[in-house]
Amino acid sequence: MPRSTDPKNLERVLDAAAELFLVEGYDAATMQQLADKLGLHKSSLYHYVDGKEDLLQQLTSSAQAAGEAALDEAEQAADDNAFLAALSLAVDQTLGDIGRVSLVLRQKPGTATGDAVVERRRSYDRRLSALIEKAQQAGGVRGDIHPMLLARLTLGMVSWLVEWYDPELSRFDPDVIREAVLAMVTSGVVVGGEVGVTEGA
């Protein structure tokens with residue numbers, strides 16, 4: 001647990017850690033590199049965190065809490081709009097906090113942090129699937145694809161943003177990317193005709 005209660009200083013440490021882990025990778029990054037990035041002595045970091053695992057836990061937890069809060073917001077929308085609202089907010093969060101979101105997506109079961117992250121991801125998937133199912137029942141989303149499959153396919157598209165989006169280098173700004181994602185979901189890509197989908201295939 002962090003030993004300092006100063007939220008501004010802690011947030012500065014977390015932001016720097018998210019940037020460092022994104023560039024170097026979590027496994028390769030060191031506490032010394034983080035201290036150098038912040039202009040601090042390495043020992044000073046331990047006023048705020050216990051170490052790399054503590055940093056990872058706090059970064060992933062804060063990112064997932066933000067995603068869950070966005071989903072809470074989307075769930076207040078009408079049944080046929082809640083799914084798109086959730087998707088739009090997910091894109092915005094991913095593009096706006098790519099370092100932390102990237103850490104969330106890279107966690108696997110087998111550690112305390114990994115287990116917690118994966119369980120929260122599964123809960124998020126279930127909640128998004130429920131929004132899609134309501135939209136299907138309302139006639140706003142095609143009903144021939146299982147809602148959980150739709151949830152995971154659309155989230156996969158959003159998740160892939162962390163692999164290529166760089167706010168300093170991308171030729172596309174966040175608004176353009178968000179609108180493109182929504183357009184692909186609502187209107188598709190191929191013009192003319194539809195491919196049939198077999199339920200459960």
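Rule-based calculations on the coordinates, nothing more; no lab input. It should be emphasised that the depicted structure is a prediction, and the values quoted were computed from it without experimental measurement. When we count neighbours, we look across all protein chains shown, and the Cβ atoms used for this are built from the backbone with ideal geometry, even at glycine.
Numbers at a glance
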{"read-out": "0 to 90° range, to nearest 10: angle between helix 79-96 axis and the chain longest Cα axis", "value": "30 degrees"}
{"read-out": "Using alpha-carbon coordinates, inclination of helix 112-137 to the longest axis of the chain, degrees", "value": "20 degrees"}
{"read-out": "Summed residue charge, Cβ within 13 Å of Q57's Cβ, Lys/Arg positive, Asp/Glu negative", "value": "-1"}
{"read-out": "Linear extension gain, A69 paired with L153, 0.36 nm per residue minus alpha-carbon span", "value": "28.1 nm"}
{"read-out": "Between 0 and 90°, nearest 10: helix 52-74 axis offset from the chain longest Cα axis", "value": "30 degrees"}
{"read-out": "Placed amide H near V49: partners under 5 Å, 5+ positions off or other chain", "value": "R3"}
{"read-out": "In order through the range 29-38: 3J(HN,Hα) via Karplus (6.51 cos²θ - 1.76 cosθ + 1.60), integer Hz, x for Gly, Pro", "value": "5, 10, 5, 5, 4, 5, 4, 4, 4, 8"}
{"read-out": "For the chain, alpha-carbon Rg over 2.2 N^0.38 Å", "value": "1.16"}
{"read-out": "Computed over the range 1-139: relative contact order in percent, which uses C-alpha pairs under 8 Å that are six or more apart", "value": "25 percent"}
{"read-out": "Longest segment of the chain lacking GluC sites (Glu not before Pro) that sit in a DSSP loop with at most 11 other Cβ atoms within 10 Å", "value": "1-167"}
